[in-house]
Amino acid sequence: MEQVHQENIQAFRSMIRQASRMAVVAHTHPDGDALGSCTALSLWLAGKGKKVTCVLPDTPADNLQFILSPDVRYLYFDTDASAAEAAIREADLVVQLDCNHFSRTEGLEPFLKASTARKILIDHHLNPDRESFELVFSTPEVSSASELLYWVLKAADGDFSTSPSAPLEMTEDLSCRAQSRHLISIGTALLTGMTTDTNNFANSVFPSTFRMASELIAAGVNRDALLEQLYNSCRENRVRLMGFMQYEGLKILPEGAAYMILTKDIMTRFNLREGESEGLVNVPLTIGTVKLSVLLKEDEGHFRVSVRSKKGTSAQQLAARFFHGGGHENASGGKLHIGTDISRADAAEAYVVDALKTFLA
Ligand SMILES: [Mn+2]
């Protein structure tokens, strides 16, 4: 991994050596990559005898809770704002993962801005806010923050298979997690983040991604158990919602764009939980004529917007121009605010259609 320069690794080692209290942070609505990279780094730091707290803007979705470790202290700003704030205020080193700008941490942003801690960024999104960090590991030429972190930790620490924090088995039975320690290991957490960000090796895959996966599996990470957790542990509600949205919700424009609007009414009807519409936005791209897919998901006062595109069409530019967002060239996110961008929730469809037609014109 050529982006991991030796002088940066020296700086990384020395900043960690000098720190005593650390906070590890990631983006709002943490996905598998955010949780995998935060958990892995927290376990790695704890293994070095460091006091570390993982501070996240929101409580992770139920289906991703298996990525959490009983050996890591997690704080969630949505349910425990004052403790989350204190952990950032008291930290002398902050590491931000899978997130290119403080603003992507939403509620944590003012505390990160006010923090006098030294700061490290490890991320793979476009346009990182380099000025806010003393040390930056950032490249879009990598599958995930988890993969980039893998190469950083490997360079900082030698080989994973021989380190005391070598990957351990992950049992499928979460009911025994209270008794069993290390249900998730550093290696398992990193392979999880890489797997979710690539949709199980479907996109953003580089030669280094296969190398990482190969090394982790050789070191003993149980990929089969991981795939069971990620892809074969859904509730029936999710499958029925996905079918409903594809049958009735999917709209296709002749310009080669598709969109779906997941309203609160639909989410209530299917008793949908956070995280259960994951992957839905990718489905329209399986249609040969569709090059751009947008999913709007209704939230409090706004819609959360996901954008995916095929090569040659920029999801990032659409998200930046029309939805206050960005991310990756072919996978981006943003927001549509009710009250400013659109007057009412039911004006969302007209806005999206207009945005897509304008963008593709
Ligand atoms: Mn990511």
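The values are calculated or read from the model by the stated rules, or taken from the named source; none is laboratory data. Being a predicted model, the structure only gives us computed values, none of them experimental. Cβ atoms come from the backbone with ideal geometry, glycine included; neighbour counts cover every protein chain shown. Side chains are part of the model used for accessible areas, which takes the heavy atoms of the whole protein and leaves out ligands, DNA and RNA. Shrake-Rupley method; radii C 1.70, N 1.55, O 1.52, S 1.80 Å.
Each peptide in 150-156, 85-91 gets a packing score, the mean of other Cβ atoms within 10 Å over its residues, and the list from highest to lowest is 150-156, 85-91.
Contact order for the stretch 210-361, expressed relative to its length and based on alpha carbon pairs under 8 Å spaced 6+ residues apart, stands at 15 percent.
The relative contact order of the chain, computed from alpha carbon pairs under 8 Å that lie at least 6 residues apart in sequence, is 13 percent. Would any residue of the stretch 25-48 have its amide N under 17 Å from a label point 7 Å out along Cα→Cβ of residue 200? List them or say none. Answer for the stretch 25-48: 32-33. Measuring between their Cα centroids, the stretch 331-361 and the stretch 258-305 lie 13 Å from each other. Computed from phi, the 3J(HN,Hα) profile of the stretch 117-124 under the Karplus parametrisation 6.51, -1.76, 1.60 (θ = phi - 60°) reads 4, 5, 9, 10, 10, 10, 7, 10 Hz, with x in place of Gly and Pro. The protection proxy used here, the mean number of other Cβ atoms lying within 10 Å of each residue, ranks peptides 223-231, 306-314 as follows, highest first: 306-314, 223-231. Expressed as a fraction of 2.2 N^0.38 Å, the value expected for a compact globular protein of N residues, the C-alpha radius of gyration of the chain is 0.97. Using the 1.4 Å probe convention, the accessible area of the chain works out to 43 Å² per residue with neighbouring protein chains retained. The order of the peptides 104-110, 248-254, 54-60 by mean Cβ neighbours within 10 Å, most packed first, is 54-60, 104-110, 248-254.
Explain nothing, just the number: dipole magnitude of the stretch 6-231 about its Cα centre with +1 on each Lys and Arg Cβ and -1 on each Asp and Glu Cβ, in debye rounded to the nearest 20. Don't skip to the answer; put the middle values down first.
Working: 18 positive and 29 negative charges, 173 e Å.
So the dipole magnitude of the stretch 6-231 works out to roughly 820 debye.
Using the Karplus relation 6.51 cos²θ - 1.76 cosθ + 1.60 with θ = phi - 60°, the per-residue 3J(HN,Hα) values for the stretch 341-356 come to 5, 9, 6, 9, 4, 6, 8, 5, 4, 4, 4, 5, 4, 5, 4, 5 Hz, with x marking Gly and Pro. Restricting attention to the stretch 206-332, the count of lysine pairs at 8 or more positions apart or across chains with alpha carbons under 24 Å apart stands at 9.
Quick one: length gained pulling residue 5 to residue 62 fully straight, 0.36 nm per residue minus the C-alpha distance? Could you put the intermediate results ahead of the total?
Details: separation 57, 0.36 × 57 = 20.52 nm, distance 3.70 nm.
So the extension gain works out to 16.8 nm.
Divided by 2.2 N^0.38 Å, where N counts the residues, the Cα radius of gyration of the stretch 236-360 comes to 0.98. Just the protein heavy atoms count here, and of the accessible area of the stretch 6-231 at 1.4 Å, carbon and sulfur take up 49 percent.
Students often get this wrong: which residues of the stretch 211-233 have the backbone nitrogen under 20 Å from the point 7 angstrom along Cα-to-C-beta of residue 156? Counting only backbone N, you get 212-213, 216.
Taking the chain as a Gaussian network of alpha-carbon nodes connected by springs under 10 Å, the highest mean-square fluctuation of the residues 95, 283, 136 belongs to 283.
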